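Everything below concerns the one structure shown next.
The values are calculated or read from the model by the stated rules, or taken from the named source; none is laboratory data. None of the values given here were measured: they were computed from a predicted structure. Note that each Cβ is placed from the backbone with ideal geometry, even for glycine, and that neighbours are counted across all protein chains shown.
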Amino acid sequence: MHTRQFAPTSLVVLTVLMAAWLGACAKPQPPVARPTPSPPGTAGPAQPTRPPAPPEPVAEPVPVPPEPLPAEGDLSGRNLDELNRDSPLQPVFFGYDSSEVDATGRAALDVNAQALRRYSTWVITIEGHCDERGTAEYNLALGERRALSARNYLVSVGGPADRLRIVSYGKEFPFDPAHTEEAWAKNRRAHFVITAK
């Protein structure tokens, strides 16, 4: 039997190929962190360090005096919720099944007209309300007539027609939910809401 002999160069090539193959299969080694050189001037034993400088003092804010309160009766600086809560506009009350403005109602509307002249940018919605008796449809129509009567009177005494809106709620939003004559009298009204200023 004849054995084949390998040449020494073949053996070297085979060894190099084996080493390359083994190197390709090996897991990569994580990089080794090298120590960073110390900054110049800090070589050698630790030198005493100076403490940090104290922080700069913070300037105290100058207190701002509160705004002066509005003059007695001046409502121009208030928001709409405050205006409507403490409204100078008075409601007008009506008799049962009526939309006629009586003498008491005219006096209230005269006060409202003065307020509208003083606050010439206010936009007002006049809400017409009714008591619980009658149908919803009937009370919506009656509430509209009540709001319209109040608006017409205000316009007749010089009120700003372009800043007066009306809406009827009929019996939907009673001011007093009781089922008595006293409660019904409170609910038959034209109510004034400041909607813009």
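Numerical summary
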| quantity | calculated |
| --- | --- |
| Residue check, Gly134 under 35 Å from the mean Cα position of the chain (by Cα), small (Gly, Ala, Ser) and under 15 Å from Lys171 (Cβ atoms) | no |
| Every residue from the range 102-113 that is polar (S, T, N, Q) and surrounded by 13 or more Cβ atoms within 10 Å (Cβ to Cβ) | Asn112 |
| Selection from the range 156-197 of residues that are surrounded by 13 or more Cβ atoms within 10 Å (Cβ to Cβ) and without any contact (Cβ under 8 Å) to a residue 40 or more places away in the chain | Glu172, Asp176 |
| Count - residues of the range 161-175 that are within 16 Å of Asn139 (Cα to Cα) and touching a Lys or Arg at 6+ places or on another chain (Cβ under 9 Å) | 5 |
| Condition check for Ser120: in contact with a helix residue (DSSP H, G or I) (Cβ under 9 Å, 6 or more places away or on another chain) and within 19 Å of Val167 (Cα to Cα) | no |
| Sole residue being modelled with pLDDT of 85 or more, part of a loop (DSSP other than H, G, I, E, B) and under 38 Å from the mean Cα position of the chain (by Cα), chosen from Ser98, Ser87 | Ser87 |
| Asn112 being in a helix (DSSP H, G or I) and either within 34 Å of the chain's Cα centre (by Cα) or on the phi > 0 side of the Ramachandran plot (or both) | yes |
